[in-house]
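Please read the structure below before turning to the comments.
The values are calculated or read from the model by the stated rules, or taken from the named source; none is laboratory data. Predicted model, so just to flag it, every value in this text is computed and none were measured. Note that each Cβ is placed from the backbone with ideal geometry, even for glycine, and that neighbours are counted across all protein chains shown. Please note that ligands, DNA and RNA were not included when accessible areas were found on the heavy atoms of the full protein model with its side chains. Shrake-Rupley method; radii C 1.70, N 1.55, O 1.52, S 1.80 Å.
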Amino acid sequence: MNFRNIVAAVMVSLCASPLAAQTFQLSHSAASGNPKDTASLKFAELVKERTEGRITVEVGTSSQFGDDAESITNIRLGTIAFSANAQGSTSGAVPEIGLLGLPFLFQDLKQAETVMDGPVGDKIAAAAEAQGILILAWWNNGIRQTSNSKKPILVPGDLAGLKIRTPPDPITIDIFTALGASPTPMAFSELYIALQQGVVDGQENPLINIHSSKLYEVQPFISNTNHKYEATPFLASKIVFDSLSAEDQKIIRDAAVEAGTLNRKMVHDQTESLRGELEAAGVKFNDVDPAPFVAATQSVYDKWRAQYPELVNELIAAAKAAGAK
């Protein structure tokens, strides 16, 4: 066989061969069965199916690939491709995303989703991209409540002296400082043991997290403070994403949005149903009058408006407009 025939044979062989398979990691901190975990598995399934197995996504449940803060670093370095991360942890690299958690900004999940799916969400996503982080979709974590091991929280004064675990999120820390508590930032993966051993008295999370991570086993009181909203930004490493073909980028973006639809539905459904299930497990719930809590946290708006005046005002206006629909 002459040289030209050998080259032709090699080219035919290469063209007939499938593209090299790639395996990427997806990190998150939630327990198995949490809407964040279920949607992450759905994302992996869709990507594998639509790339005909060329791209496989391994899902690291319960911080198997690192906690949320570590995952942000790894996303920026390109050592992890995807993360269903936390709003608070992401704010360490993208402070603008923390503004979604301004106190009592959103009254319900639909209002928050409308804002995130609009121009304000796009502006925050642009700020993230400048830090090497792509927000492929806005998933939900829910409206956050306050639990503790001591007593019902009826008014802000009831939080005085209580050590409340918060994520490493400046706005959440500011909220609980303004309410008179002693906020204690801590990784979510360390929370159950810290509550069990009395390192902290309480914590704040959506009911879906309190339920799936069994925090209610060591937290007999849940107060419906509804003090802030929490998004789950579904993130991709810009380094990894830019290395993919335009076709695979579209598959991944579409899969992130589709899995996000599942996530949102699960969060909506469980937000409605979990109170009864937790009460049956022995948890004592109480509702609060929001007015004194709102008044006590106005200083949080003052602080963050001074740093991001245009975006805070834009966010407040968008929330009002979405709430009026």
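Is one or more of the residues making up the stretch 230-240 in a strand (DSSP E or B) and polar (S, T, N, Q)? Please lay out each step first, then the result.
First pass over the stretch 230-240, keeping only residues in a strand (DSSP E or B): 230-237.
Imposing the further condition that a residue be polar (S, T, N, Q) reduces the set to 232, 237.
Checked against the condition, which is being in a strand (DSSP E or B) and polar (S, T, N, Q), the stretch 230-240 yields at least one hit.
Would you confirm, using the coordinates I've provided, whether Q64 is on the phi < 0 side of the Ramachandran plot, without any contact (Cβ under 8 Å) to a residue 40 or more places away in the chain and surrounded by fewer than 18 Cβ atoms within 10 Å (Cβ to Cβ)?
Here the answer is yes, as Q64 does meet what is asked.
Consider R264 carefully, then state whether it is surrounded by 12 or more Cβ atoms within 10 Å (Cβ to Cβ) and over 30 Å from F82 (Cβ atoms).
no
Any residue in the stretch 277-288 that is within 20 Å of T51 (Cα to Cα) and in a loop (DSSP other than H, G, I, E, B)?
Checked against the condition, which is being within 20 Å of T51 (Cα to Cα) and in a loop (DSSP other than H, G, I, E, B), the stretch 277-288 yields no hits at all.
Identify all residues within the stretch 9-63 that are among the hydrophobic types (A, V, I, L, M, F, W, C) and modelled with pLDDT under 95; write none if there are none. Break it down into steps so the answer makes sense when it comes.
Step one: list which residues in the stretch 9-63 are among the hydrophobic types (A, V, I, L, M, F, W, C), which gives 9-12, 14-16, 19-21, 24, 26, 30-31, 39, 41, 43-44, 46-47, 55, 57, 59.
If the condition is that a residue be among the hydrophobic types (A, V, I, L, M, F, W, C) and modelled with pLDDT under 95, then A9, V10, M11, V12, L14, C15, A16, L19, A20, A21, A30, A31 are the ones that fit.
Could you please find all residues in the stretch 260-296 being over 21 Å from F221 (Cβ atoms) and in contact with an Asp or Glu (Cβ under 9 Å, 6 or more places away or on another chain)?
Across the stretch 260-296, the qualifying residue is only R264.
I'd like to check something: does the stretch 62-71 contain any residue that is within 23 Å of I252 (Cβ to Cβ), of a type in the set (G, A, S) and touching a Pro at 6+ places or on another chain (Cβ under 8 Å)?
Checked against the condition, which is being within 23 Å of I252 (Cβ to Cβ), of a type in the set (G, A, S) and touching a Pro at 6+ places or on another chain (Cβ under 8 Å), the stretch 62-71 yields no hits at all.
May I ask you to list the residues in the stretch 283-325 that are among the hydrophobic types (A, V, I, L, M, F, W, C), more than 15 Å from L105 (Cα to Cα) and loosely packed, with under 13 Cβ neighbours inside 10 Å?
Taking the stretch 283-325 first, the residues among the hydrophobic types (A, V, I, L, M, F, W, C) are 283, 285, 288, 291, 293-296, 300, 304, 306, 311-312, 315-319, 321-322, 324.
Next, only the ones that are more than 15 Å from L105 (Cα to Cα) stay: 283, 285, 288, 306.
Across the stretch 283-325, the qualifying residue is only A306.
Mind checking whether some residue in the stretch 77-91 is of a type in the set (A, V, I, L, M), out of contact with any Cys (no Cβ under 6 Å at 6 or more places or on another chain) and surrounded by fewer than 24 Cβ atoms within 10 Å (Cβ to Cβ)?
Among the residues of the stretch 77-91, at least one is of a type in the set (A, V, I, L, M), out of contact with any Cys (no Cβ under 6 Å at 6 or more places or on another chain) and surrounded by fewer than 24 Cβ atoms within 10 Å (Cβ to Cβ), which makes the answer yes.
Which one is most open to solvent (accessible area, probe 1.4 Å), of the residues in the stretch 167-199 that are modelled with pLDDT of 95 or more and hydroxyl-bearing (S, T, Y)?
Per the stated criteria, the residue is T177.
Please determine whether any residue of the stretch 221-243 is in contact (Cβ under 8 Å) with a residue 60 or more places away in the chain, surrounded by fewer than 19 Cβ atoms within 10 Å (Cβ to Cβ) and on the phi > 0 side of the Ramachandran plot.
no
Kindly indicate the residue of the stretch 200-220 that is of a type in the set (A, V, I, L, M) and within 20 Å of the chain's Cα centre (by Cα) and also surrounded by the most Cβ atoms within 10 Å (Cβ to Cβ) among those meeting that condition.
Here the answer is L207.
Taking the stated definitions as given, is Q107 open to solvent by 40 Å² or more (accessible area, probe 1.4 Å) and closer than 25 Å to A321 by Cβ? First the steps, then the outcome.
Values: open to solvent by 40 Å² or more (accessible area, probe 1.4 Å): yes; closer than 25 Å to A321 by Cβ: yes.
Yes.
Mind checking whether some residue in the stretch 66-76 is touching a Phe, Trp or Tyr at 6+ places or on another chain (Cβ under 8 Å) and either among the polar types (S, T, N, Q) or part of a strand (DSSP E or B) (or both)?
yes
Under the condition of being free of Cβ contacts under 8 Å to residues at least 40 places away in the same chain, part of a helix (DSSP H, G or I) and of a type in the set (S, T, Y), which residue from the stretch 244-276 is nearest to H211 (Cα to Cα)?
Applying the filter and picking the extreme gives S273.
Would you tally the residues in the stretch 119-166 being over 18 Å from the mean Cα position of the chain (by Cα), free of Cβ contacts under 8 Å to residues at least 60 places away in the same chain and open to solvent by less than 10 Å² (accessible area, probe 1.4 Å)?
The qualifying residues number 2.
Surrounded by 24 or more Cβ atoms within 10 Å (Cβ to Cβ) and modelled with pLDDT of 95 or more, is that true of A246?
Taking the combined requirement at face value, the residue does not satisfy it.
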